[in-house]
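The structure appears below as structure tokens.
FYI, it's all coordinate maths here, none of it is from the lab. Every value quoted in this text rests on a predicted model; they were computed, and no experiment measured them. Reconstructed Cβ throughout: ideal geometry from the backbone, glycine too, with neighbour counts over all protein chains shown.
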Amino acid sequence: MMTKFPITTFVARSVFVITVFTVLMSVSDSKKWPRSSASSYGHWTRLRRSAPHRNARVVSEGDIRLVGGHTAYQGNVEIYHFGQWGSICDDEWDKREADIVCRLLGYPEAERPTTDSLYGRSRHYFSEKSCNLLLIHQGDKKNEMNSYFGGQQTQTILSGVKCTGNENNLASCRHDYIGVVDCPERDRSIAGVICAKAMPDLIPDDKEIEQSAYLELKQLMHLQCAMEENCVASSAYRLRREHQRRRLLRFTARIGNIGTADFLPFLPKRAWDWHACHQHYHSMEVFAHFDVIDMGGNKVAEGHKASFCLEDNFCRSGTQKKYACANYGDQGITVGCTDNYLHNIDCQWVDITDIKPGNYYFKVSINPEFKVPEITFENNAVTCNLHYDIVSAKVWNCTLGRP
């Protein structure tokens, strides 16, 4: 007589059989295609070329990532090549390469490049047979870890990459010959970046410069403070005649911040220089260059502006002023505000005493040494036509450009 089982018992046994079969297939599959596992390197997962990495984003040849940093926008740079991630040697590594990396990662620009394995030593290596883009070298596993932000005793990838700054990816940059090369300090010389999440963007008012420029004659005896700041031509220091007249091309500079972050001095407040003659602090050694250039492109007169005071003089509606120089206050330019340097301020000029009458170009460059990162530097300079005839000066046709 056939024994009848309840339907619930049959279903339970079926589920048990299916579950066992699934587990066995999973074990078999894991032996055939081992999953990539989190290594001792930290929070990220190493990808193995021979093992498909499941549940991960698709990684393409030439992809870039940052590792070892405290935030997502900083770290050592790694590039994906022939199924493996690898570090980049910091020889030839500067702002141009760093900018390309940050733009690829979706940031506007690099705040600064980093070198000397700032965020740890190299984590990955390529086999010499598979590399046709980067130059590689297997580091000494026995080397002791000494990187500032830690790292592991792992092998190093070295490459010589040099960019012009206009490339769309690092693979388009120049690189050294294919082969094994030694990087200075081996895996202690790994390139990295700190990308800027938000950045200022200074822009001078070209119309204000054009409308406010004029020629002034002033005796040297009234320019003693300006001489201490090197705001007059070199001939004034050689002659030292108090009643000598200097011809000064004066103008007003209105500098606005149209970026996404406040413009702050490069130096920390404790490093600012006190100028006793003018009774103010210089928060930047050079904030602006003023140049007179002849028709052949030669600089014939120049001036400079140490930051007399970076502050908010005028702000658009709804924007509060943050920075003021009085009483050793914080200096900077808030987003949506302007810092105005009026034509009657000391050093707000170019000393053109020694140039001959004629036609020239007049150029005003803001943040000319690029010490403070900005979204773009393509609008940091104003270039104008200048006509000088001993008794007067005319400035016209001013346009924005790069310092």
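What the table shows:
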| quantity | calculated |
| --- | --- |
| For the range 70-82, 3J(HN,Hα) per residue [Karplus equation, 6.51 cos²θ - 1.76 cosθ + 1.60, θ = phi - 60°, Hz, x = Gly/Pro] | 7, 10, 5, 9, 9, x, 6, 8, 10, 10, 8, 9, 6 |
| Label-point separation in nm, Asn397 to Arg112, each point 7 Å along Cα→Cβ | 4.1 nm |
| Under 16 Å from Lys162, Cα to Cα: aspartates and glutamates that are on another chain or at least 8 residues apart | Glu78, Asp90, Asp91, Glu92, Asp94, Glu97, Asp99, Asp176 |
| Eligible aspartates and glutamates near Lys321 by straight Cα distance, threshold 15 Å, same-chain separation 8 or greater | Asp262, Glu311, Asp312, Asp330, Asp339 |
| Within the range 292-342, chymotrypsin sites (Phe, Trp or Tyr not before Pro) in DSSP loop having at most 11 other beta-carbon neighbours inside 10 Å | Tyr328 |
| Highest to lowest packing among 63-71, 331-339, 90-98, scored as the average C-beta count within 10 Å | 331-339, 90-98, 63-71 |
| In the range 217-311, the trypsin sites (Lys or Arg not before Pro) that fall in loop regions by DSSP, at most 16 other Cβ within 10 Å | Arg240, Arg241 |
| Reach of Lys363 by Cα under 12 Å, taken over aspartates and glutamates that are not fewer than 8 positions away in the same chain | Asp206, Glu210, Asp291, Asp294, Glu302 |
| Cα shape, the range 228-308, gyration tensor, a/c 1.5 rule | oblate |
| Rounded FRET efficiency, nearest 0.05, which uses the C-beta distance separating Thr319 from Ser235 and R0 of 56 Å | 0.80 |
| Rough spin-label spacing in nm, given labels placed 7 Å along Cα→Cβ, for Asn166 and Glu228 | 4.6 nm |
| Total formal charge among the other residues, if their Cβ is under 15 angstrom from that of Lys299, Lys/Arg +1 and Asp/Glu -1 | -3 |
| Cross-link table Lys207/Lys356; Lys197/Lys371; Lys269/Lys322; Lys322/Lys371; Lys95/Lys305; Lys299/Lys356, entries beyond 20 Å C-alpha to C-alpha | Lys207/Lys356; Lys322/Lys371; Lys95/Lys305 |
| Charge sum, other residues only, whose C-beta stays under 14 Å from Lys356's C-beta, Lys/Arg counted +1 and Asp/Glu -1 | -2 |
